[in-house]
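A.B. asks: Here it is, the structure in full.
The values are calculated or read from the model by the stated rules, or taken from the named source; none is laboratory data. The shown structure was predicted, so the numbers you read here are calculated from the model rather than taken from an experiment. As a convention, Cβ positions derive from the backbone with ideal geometry for all residues, glycine included, and neighbour counts pool all protein chains shown. The accessibility values were calculated without ligands, DNA or RNA, using every heavy atom of the protein model including side chains. Shrake-Rupley method; radii C 1.70, N 1.55, O 1.52, S 1.80 Å.
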Amino acid sequence: VTDLFKNHGTKILGALVAVIGALGDVQQLFVAVDPNPRHIALYSLIVALGSAVIRRGFSNTAATVDTTGSTLTTSEPGTLAPGDTIKVTEKTASKSGPPPIGAWLIFFIVALPLVLGLVACQSLSFQEQLAAAYGTYTTVERAADQAYVSGSLPKAQALQAQALAKQVRPFLDAAQAASTSGDSTGASQDLELATTALGALQRYVDSQLPAQKGK
Amino acid sequence: MAATLVLVADALAVANAAAQTLATTLPIIQKAQAEGRTTLTADEWAQIKGDADAADTQFANDLAKGA
């Protein structure tokens, strides 16, 4: 157990913080009678900070130097003196380092609107469901944008995400227009199409994050 | 230390993206429910669609900057 904490202490600490944040989000979204957006945002920040600590833990592990094959030449055994030499043989890492922090975080952030959407669709009217779908669309697009800006999402993939987003938006707008004009059948069909396209967009952004590609 | 600060800043920026949207959409839905409404007002739709428009524009601008 001591070795476990010695080698993975930072990661465990980060995981605990992230779990506390996630539990807070779950409590707000699933249990609380009157969820508070500020509390949800605060818990999301805690999840993000926990993820940053986990990432730091992986960085520490990756920084460990493998000294196999290195040599130490001393004039007197057990001591170092001027003129003694230390030769460290650097080994090529067998695997790449941890994915960028944005990748881990955006995984959480992209998943969050999905949870919001699920909760929202449980007991909401059609227009409220449509509003939740708009919220999901906006959050996923912002997350993809942030991933691109932070370098976690390459430009080609960001352009693809943008192209998918452009396919979602017309369905949302059409559903909203149909609902406002009283065409409930058309509005339902458009929302269904928008939800399907939105799911494809979310899955695409998730799948392009380095954390998911490395699995 | 600097690397850690960069990571934390990155984390906050990403989390803020979700917080911004939640702060717009969720209160509108909650208000409609609290008032017993099944439809949203024109102003509420304008806020929700304006938020989506802003995200569209920001994404397009950031992609254009990186061209």
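A.B. asks: Can you give the Rg/Rh ratio of the stretch A:140-188, where Rg is from the C-alpha atoms and Rh is the Kirkwood radius? All intermediate terms of the calculation are to be shown ahead of the outcome.
C.D. replies: On the way: Rg = 14.9 Å, Rh = 12.2 Å.
The Rg/Rh ratio comes out at 1.22.
A.B. asks: Just to be sure I understand: if you take the accessible area of chain A alone plus chain B alone and subtract the pair, with a 1.4 Å probe, what total do you get in Å², rounded to 100?
C.D. replies: Looking at A and B, the buried total is near 4100 Å².
A.B. asks: For B:34-45, what's the mean count of beta carbons from other chains sitting within 10 Å of each residue's beta carbon?
C.D. replies: Shielding by partners across B:34-45 averages 3.
A.B. asks: Taking the Cβ of A:Leu13 as the center, what net charge do the other residues with Cβ under 13 Å away carry, scoring Lys and Arg +1 and Asp and Glu -1?
C.D. replies: Spelling it out: positives minus negatives among the neighbours equals +4.
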